[in-house]
Amino acid sequence: MNKEKEIKVLAIETSCDETAAAVVADGRDVRSNVISSQIDTHTIYGGVVPEIASRKHIEQINFVIREALSEAGMTLHEIDVIGVTYGPGLVGALLVGVSAAKAISYAKGIPLVGVHHIEGHISANYIAHPSLTPPFLCLIASGGHTHLVKVEDYGAYEILGRTMDDAAGEAFDKVARAIGLGYPGGPKIEQAARQGDPRAIAFPRAHVAHGAYDFSFSGMKSAVLNYLNGCQMKGMEIKQADVAASFQQAVIDVLAGNVETALKETGMKKFAAAGGVAANGALREALQEVCRRQNAKLYSPAPILCTDNAAMIGAAAYYNYRAGVRSGLDLNAVPNLSLGER
């Protein structure tokens, strides 16, 4: 490969309810990043409806790809690589993006690279922080995933911990629905929590006995539901803001606590946050304080790069391509794909 040649990636992301396409050059230079959100569609149902998400992706995929190329001022003839999320995620949603990517790859003879969604979230930090290079520690916290990962090199990961049940973002969504805030839960709980007391209600902080870095949020969610039911049975007033603030603080304490333990025990001095939950301002403040105590530098993307987007997939695809990774036209959606698996 000619290292002097700029590598331009057209990236596609359709793992959940965002139809996204982007053009990224050399893994860090974002030429366009187009996102078509389905939040308004799914809000009335209180969460993502997979079949509806798939249909919306089909409606939007060609438009966002054309818009991404247009914003970048490019045509497909100038694209060197097609990168696409092929897992994990909703199988129907993933299939739309994978099918579009394979069609373009076949029609134009452009190399295809399948990308792991979590690897995309990690790679968002390469865009936000051009000076960041492995190795570093990374927390990925989103609606579907909560992982604590040692990024040993580009494309090389050691999973230190993961959730044993609900992901952090999933717990936010379920609690937000339970206290009447609606969907999406993360931003709504963060907003409500600003008016509440994080010490008002003592929700549990779960620790997994057999995994020092693993997470568990199911019990925390159940504790909130039990508290709400108890208040209703006793005729007690439910202070929505206090419930939101206390729950949010419990989640932050667990996430930040595991990060601090990992920084202490690994001795790593670079730490990155990624995923939709990483956009939470209170969590960022807590992680900044952890890094200050552990003499580590905190890296975190802007909120637009924390939520699902194609620019992060383009960054990950570039480094995989440079490492010699190529996907065939038999690439398929893998809804339960594990990080590091191919």
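Here, each number is a calculation from the coordinates, and none is a lab measurement. What you see is a predicted model, and the numbers here were worked out from it, not measured in a lab. Glycine also receives a Cβ, built like all others from the backbone with ideal geometry; neighbour counts cover every protein chain displayed.
The table below lists the values:
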item: The chain - mean residue ellipticity at 222 nm from DSSP helices (-39,500 (n - 2.57) per run, n ≥ 4, rounded to 500); result: -14000 deg cm²/dmol
item: Stokes-Einstein translational diffusion, the stretch 143-196 - Kirkwood Rh over all Cα pairs, 1.306 mPa s, 10 °C, in µm²/s; result: 125 µm²/s
item: Under the Karplus curve 6.51 cos²θ - 1.76 cosθ + 1.60, θ = phi - 60°, whole-Hz ³J(HN,Hα) for the stretch 120-131, x wherever Gly or Pro sits; result: x, 4, 4, 5, 4, 5, 5, 6, 6, 10, x, 8
item: Expected-Rg normalisation [2.2 N^0.38 Å, Cα atoms] applied to the stretch 231-275; result: 1.79
item: Calculated FRET efficiency for the pair residue 226/residue 304, C-beta based, R₀ 30 Å, to 0.05; result: 0.25
item: Where labels lie 7 Å past Cα in the beta-carbon direction, separation of residue 132 and residue 44 in nm; result: 3.8 nm
item: C-alpha long axis of helix 311-322 to longest principal axis of the chain, angle in °; result: 50 degrees
item: Shape metrics for the stretch 51-117, restricted to C-alpha atoms - Rg then Dmax, Å; result: 12.1, 34
item: Backbone HN-Hα couplings from phi across the stretch 67-82 [Karplus 6.51/-1.76/1.60, Hz, Gly and Pro as x]; result: 5, 4, 5, 5, 5, 7, x, 10, 10, 4, 5, 9, 8, 9, 9, 9
item: Neighbourhood net charge (11 Å Cβ-Cβ; Lys/Arg +1, Asp/Glu -1) for residue 281; result: 0
item: Pairs of alpha carbons in the stretch 192-342 whose separation is greater than 18 Å (percent); result: 70 percent
item: Local net charge near residue 77, Cβ-Cβ under 14 Å (Lys/Arg +1, Asp/Glu -1); result: 0
item: Proxy reagent accessibility, fewest Cβ within 10 Å first, across 225, 10, 69; result: 225, 69, 10
item: For residue 272, distant residues with modelled amide H under 5 Å away; result: 137, 138, 139, 299
item: As computed over the stretch 1-65, the Cα convex hull volume per residue (Å³); result: 96 Å³
item: The chain - Rg and Dmax from Cα coordinates, angstrom; result: 20.2, 71
item: Volume of the Cα convex hull of the stretch 95-179, divided per residue and given in Å³; result: 142 Å³
item: Principal semi-axes in Å for the stretch 258-312 [√(5λ), Cα gyration tensor, largest first]; result: 22, 11, 9
item: Label zone at residue 164 (point 7 Å along Cα-to-Cβ), backbone N below 17 Å, the stretch 247-276; result: 251, 254-255, 257-259
item: Estimated FRET transfer efficiency when R0 is 35 angstrom, pair residue 289-residue 77 (beta carbons, to 0.05); result: 0.10
item: In Å, descending, principal axis extents of the Cα set of the stretch 182-242; result: 39, 28, 22
item: Potential extension, residue 191-residue 326 segment - 0.36 nm per residue separation minus Cα distance; result: 44.3 nm
item: Cα gyration tensor shape of the stretch 277-342, rounded if a/c is under 1.5, else prolate or oblate by comparing a/b with b/c; result: prolate
item: Cα Rg, Dmax, the stretch 1-142, angstrom units; result: 15.3, 51
item: Loop-located GluC sites (Glu not before Pro) in the stretch 242-342 whose Cβ has at most 10 other Cβ within 10 Å (DSSP); result: 341
item: Percentage, to the nearest whole number, of Cα pairs in the stretch 111-154 over 17 Å apart; result: 33 percent
item: In the stretch 167-238, the trypsin sites (Lys or Arg not before Pro) that fall in loop regions by DSSP, at most 15 other Cβ within 10 Å; result: 194, 199, 205
